[in-house]
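Peer 1: Handing you this structure, nothing more for now.
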Amino acid sequence: MSKTAPRTDSSWLVMARIGEIALKGLNRGSFESRLISNIARRLRPFGSFAIEQRQSRIFIEPVRPAEHTESNRQGIVEAVCTVFGIVSASPVFRYDKEWSEVERGSLEVVGNTLKTRPIRTFKVEARRGDKKYPYNSPEICNRIGRLMLENYPELSVNVHEPDFVLNIEIRERAYIYSETFPGVGGLPTGMSGRSLLLLSGGIDSPVAGYMIASRGAELEAIYFHAPPFTTEHTLNKVTELARILSGYCGRIRLHVVNFTAAQLKMRELCPHDMFTIVLRRLMYKVAEKVATEAKCLTLVTGESLGQVASQTMEGLVATATACIMPVFRPLIGLDKETIIAIARRIGTYETSILPYEDCCTIFVARHPKTRPTLRDVASAEAELDLEELLELATAEIKVIDVDRDGVRS
């Protein structure tokens, strides 16, 4: 078969691959159903799609394909790759699986690619899902490889480091593609309960939220605002971080606590070297109360062992005893460089480093106690009316709903 002008009867769609969901047992169906629902929700800005799961693949086809330009198609693929549960996705063209159609489709995909970028070497990879197909995978590779060499003599085969890989999957139809984009992996949002993220304006807490959301948790967030010591710039920064996270895990309800009165009251009475620990304990108590009302099962923080003075093992123990609710710390064993690398990858880093202080840095102790005991905590809190402080801290809480488009009215 020789190369011919492209025809228009092939179908463009996205083929997405699932990862660990495929290893699930009897509950696999519930994971797949939630994943399909999440994909549909993520793609709403792009229009309507028919989404179907078959053989560890999810096929996403536009209902009105003529409405989608090339750049729009790329946006669709990128959006699918940000859905937790997807490990990779490919824009594919679907053809009938008669051999002449497989040949035609292969020539079209290679020909169109040659128009957009220079290619010297190629490789063919085939997967035969239909075991009754007359050619097995190596035979498909050999036949299509020869076809490419006959029709594009400027190309040569390189199976180790090719410029271009032509992929062919024979299923109920033939799916032909040349690009695969990595997804975020993990489990579908909504499969692991709901958690409340203590979200500051720093680098760590957004990464912690991303990591726990990647395990299927829905997120709500709480931010401790201390005007006039922290400004609206800081609140806007935190809201933007919530917006970026929502691009992965869906809408986030952000609880903004006016923490000024409680913080000032505590500063008057608390020993200075214990101030940071006792302050964080109060934050945990406030977060636990908000989380309980929001039906969250756990708290999530961006703490990492040994990163700052309050995050020694003794400091973390002293803080954790403030509440009964479990506290998840996804970053506990990660160093700063690793956390920064994740922040850059998920798009939160540039916002996190904007120079606006949060409430924890305003009244930081010059020489904090790094190895506090529970006896130290009890002594520091003896002069405090914890119930009064909790009432002060929860007297004014503003709720903001944030999604990938910003604050929702």
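Peer 1: Give all pairs with beta carbons closer than 6 Å in which a residue from the stretch 168-195 that is within 19 Å of ALA208 (Cβ to Cβ) meets a residue that is part of a loop (DSSP other than H, G, I, E, B) and at pLDDT below 95; count only pairs at least 6 apart in sequence or on separate chains.
Peer 2: Hits for this filter: GLY185/GLY19; THR189/GLY250.
Peer 1: Name the pairs whose Cβ atoms lie under 6 Å apart, with the first residue in the stretch 2-20 and within 22 Å of GLU70 (Cα to Cα) and among the polar types (S, T, N, Q), the second modelled with pLDDT of 90 or more and surrounded by 12 or more Cβ atoms within 10 Å (Cβ to Cβ), and 6 or more positions between them or separate chains?
Peer 2: Listed pairs, sorted by first residue: SER10/PHE93; SER10/TYR95; SER11/ARG94.
Peer 1: To continue, here is another question. Could you tell me whether the stretch 131-152 includes any residue that is acidic (Asp, Glu), outside the structural domain of PHE84 (by TED's automatic domain parsing) and out of contact with any strand residue (DSSP E or B) (no Cβ under 9 Å at 6 or more places or on another chain)? Let's see the steps before the verdict.
Peer 2: So in the stretch 131-152, the residues acidic (Asp, Glu) come out as 139, 150.
Filter once more, keeping what is outside the structural domain of PHE84 (by TED's automatic domain parsing): none.
No - not one qualifying residue is present in the stretch 131-152.
Peer 1: Listed residues VAL159, VAL165; which is assigned to a loop (DSSP other than H, G, I, E, B), β-branched (Val, Ile, Thr) and surrounded by fewer than 21 Cβ atoms within 10 Å (Cβ to Cβ)? So that I can check it myself, show each step before the final result.
Peer 2: Values: VAL165 fails: assigned to a loop (DSSP other than H, G, I, E, B).
Checking each option against the conditions leaves just VAL159.
Peer 1: Among the helices (runs of 4 or more DSSP H) lying completely within the stretch 307-377, list those that include at least 2 residues that are in contact with a helix residue (DSSP H, G or I) (Cβ under 9 Å, 6 or more places away or on another chain), at pLDDT 95 or above and surrounded by 14 or more Cβ atoms within 10 Å (Cβ to Cβ).
Peer 2: By residue number, 336-346, 349-352.
Peer 1: If PRO62 meets every condition in (1) of a type outside the set (Val, Ile, Thr); (2) within 19 Å of GLY129 (Cα to Cα); (3) crowded, with 16+ Cβ neighbours inside 10 Å; (4) modelled with pLDDT under 95 apart from one, which number is that one?
Peer 2: (2)
Peer 1: Here's something else I'd like to know. Of the residues VAL77, VAL110, which single one is in contact with a strand residue (DSSP E or B) (Cβ under 8 Å, 6 or more places away or on another chain) and either free of Cβ contacts under 8 Å to residues at least 24 places away in the same chain or within 30 Å of GLU150 (Cα to Cα) (or both)? First the steps, then the outcome.
Peer 2: Details: VAL77 fails: either free of Cβ contacts under 8 Å to residues at least 24 places away in the same chain or within 30 Å of GLU150 (Cα to Cα) (or both).
Just a single option satisfies the conditions, and that option is VAL110.
Peer 1: Do we have any residue at all in the stretch 55-66 that's farther than 30 Å from ARG146 by Cβ, part of a helix (DSSP H, G or I) and over 18 Å from the mean Cα position of the chain (by Cα)?
Peer 2: Restricting attention to the stretch 55-66, the residues satisfying the condition of being farther than 30 Å from ARG146 by Cβ are 56, 58, 60-66.
Pick out the ones that are also part of a helix (DSSP H, G or I) and you get 65-66.
Next, from what is left, pick out any that are over 18 Å from the mean Cα position of the chain (by Cα): 65-66.
Yes, the stretch 55-66 contains a residue that is farther than 30 Å from ARG146 by Cβ, part of a helix (DSSP H, G or I) and over 18 Å from the mean Cα position of the chain (by Cα).
Peer 1: With VAL278, VAL257, VAL308 as the choices, which residue is out of contact with any Phe, Trp or Tyr (no Cβ under 9 Å at 6 or more places or on another chain), in contact (Cβ under 8 Å) with a residue 24 or more places away in the chain and not aromatic (Phe, Trp, Tyr)? Let's see the steps before the verdict.
Peer 2: Values: VAL257 fails: out of contact with any Phe, Trp or Tyr (no Cβ under 9 Å at 6 or more places or on another chain); VAL308 fails: in contact (Cβ under 8 Å) with a residue 24 or more places away in the chain.
It is VAL278.
Peer 1: Of the residues ARG127, ARG73, ARG143, which single one is surrounded by fewer than 19 Cβ atoms within 10 Å (Cβ to Cβ), in a helix (DSSP H, G or I) and under 36 Å from the mean Cα position of the chain (by Cα)? Even if it seems obvious, please write down each step before you answer.
Peer 2: Numbers: ARG127 fails: in a helix (DSSP H, G or I); ARG143 fails: under 36 Å from the mean Cα position of the chain (by Cα).
Selected residue: ARG73, the only one of ARG127, ARG73, ARG143 that is surrounded by fewer than 19 Cβ atoms within 10 Å (Cβ to Cβ), in a helix (DSSP H, G or I) and under 36 Å from the mean Cα position of the chain (by Cα).
Peer 1: How about the stretch 232-272: which of its residues are acidic (Asp, Glu), modelled with pLDDT of 90 or more and farther than 28 Å from VAL83 by Cα? Steps first, answer last, please.
Peer 2: The first filter runs over the stretch 232-272 and keeps only residues acidic (Asp, Glu), leaving 232, 240, 268.
Okay, now just the ones that are also modelled with pLDDT of 90 or more, so 232, 240.
Answer for the stretch 232-272, where residues must be acidic (Asp, Glu), modelled with pLDDT of 90 or more and farther than 28 Å from VAL83 by Cα: just GLU232.
The values are calculated or read from the model by the stated rules, or taken from the named source; none is laboratory data. None of the values given here were measured: they were computed from a predicted structure. Methodologically, a virtual Cβ is constructed for each residue, glycine included, from the backbone with ideal geometry; neighbour enumeration extends over all protein chains shown.
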